[in-house]
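Taking it in order: structure first as structure tokens, then the write-up.
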Amino acid sequence: MTPLTMLGDAVGGLLKQKKETLAIAESSAGGLINAALVAVPGASAYYLGGCIVYTRPGRSTLLNITKQDMTGMRSASEPFAQLLARRIRTNLGATWGLAETGAAGPTGNRYGDPAGHACFAVAGPVEAVVTLKTWSADREANMWAFTRKALELLESCLKTAV
């Protein structure tokens, strides 16, 4: 298992170098994305905050996402991941917003997505959305895979941004 600081180190370094900030909304990664970035020494230079949005009451209370905001989309989808990334970025006034939503396992979700399905989004100077399917029912392994994918996506966007 990769230590949290090793996962967050490259992204943390880029954010510090650029003097940019980050806010995170995650779901099925269970807080590992936030933890990987807070584990990096000096995280207070870039980390503004984050949340685990796991339920409707969570997204309503923590991110002020309404039924109207959800019209035409479902959780564990790319459009929902993008909504989360944009909302957390705006709410915390960050340069970047990072979001993850999915099904860690051991079973899939009520929308028909299999265990190991997750969507990721970055909102900021560069925006990106991707989906990962591990095809594994191993909940913890999926959580770690989701964390790695989220950080890889953010790192790619940070390197692309001018």
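Name every residue in segment 21-31 that is under 21 Å from Ala118 (Cβ atoms) and crowded, with 18+ Cβ neighbours inside 10 Å, in order of residue number. If you could, list the steps in order and put the result at the bottom.
Within segment 21-31, the first condition is being under 21 Å from Ala118 (Cβ atoms), and the residues that meet it are 22-31.
Selection gives Leu22, Ala23, Ile24, Ala25, Glu26, Ser27, Ser28, Ala29, Gly30.
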Hits in segment 119-143 - residues which are open to solvent by 10 Å² or more (accessible area, probe 1.4 Å) and in contact with a Ser or Thr (Cβ under 8 Å, 6 or more places away or on another chain): Gly124, Pro125, Val126, Ala128, Ala137, Ala141, Met143
Among (1) more than 17 Å from Ala35 (Cβ to Cβ); (2) open to solvent by 80 Å² or more (accessible area, probe 1.4 Å) - the single one Asn109 does not satisfy: (2)
Segment 129-155 residues that are at negative phi and assigned to a strand (DSSP E or B), paired with ones that are of a type in the set (Lys, Arg) and surrounded by 16 or more Cβ atoms within 10 Å (Cβ to Cβ) (beta carbon under 9 Å, 6 or more apart): Val130/Lys149; Leu132/Lys149
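Right, Ile33: closer than 20 Å to Leu153 by Cα, touching a residue at least 12 places away in the same chain (Cβ under 8 Å) and in contact with a helix residue (DSSP H, G or I) (Cβ under 6 Å, 6 or more places away or on another chain) or not?
Working: closer than 20 Å to Leu153 by Cα: yes; touching a residue at least 12 places away in the same chain (Cβ under 8 Å): yes; in contact with a helix residue (DSSP H, G or I) (Cβ under 6 Å, 6 or more places away or on another chain): yes.
Yes: the conditions hold for Ile33.
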Residues of segment 56-74 that turn out to be loosely packed, with under 14 Cβ neighbours inside 10 Å and either under 15 Å from the mean Cα position of the chain (by Cα) or not in a loop (DSSP other than H, G, I, E, B) (or both), as a count: 3
Sole residue being crowded, with 22+ Cβ neighbours inside 10 Å and out of contact with any Asp or Glu (no Cβ under 9 Å at 6 or more places or on another chain), chosen from Leu154, Leu98, Leu84: Leu154
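Output yes when any residue across segment 46-54 is assigned to a helix (DSSP H, G or I) and closer than 20 Å to Ala115 by Cα, and no when none is.
Among the residues of segment 46-54, not one is assigned to a helix (DSSP H, G or I) and closer than 20 Å to Ala115 by Cα, which makes the answer no.
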The listed residue being polar (S, T, N, Q), modelled with pLDDT of 95 or more and open to solvent by 40 Å² or more (accessible area, probe 1.4 Å), out of Asn34, Asn91: Asn91
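The values are calculated or read from the model by the stated rules, or taken from the named source; none is laboratory data. On a predicted model such as this, the values are computed, not experimentally measured, just so you know. In this analysis, Cβ positions are derived from the backbone assuming ideal geometry, glycine residues included, and neighbour counts consider all displayed protein chains. The accessibility values were calculated without ligands, DNA or RNA, using every heavy atom of the protein model including side chains. Shrake-Rupley method; radii C 1.70, N 1.55, O 1.52, S 1.80 Å.
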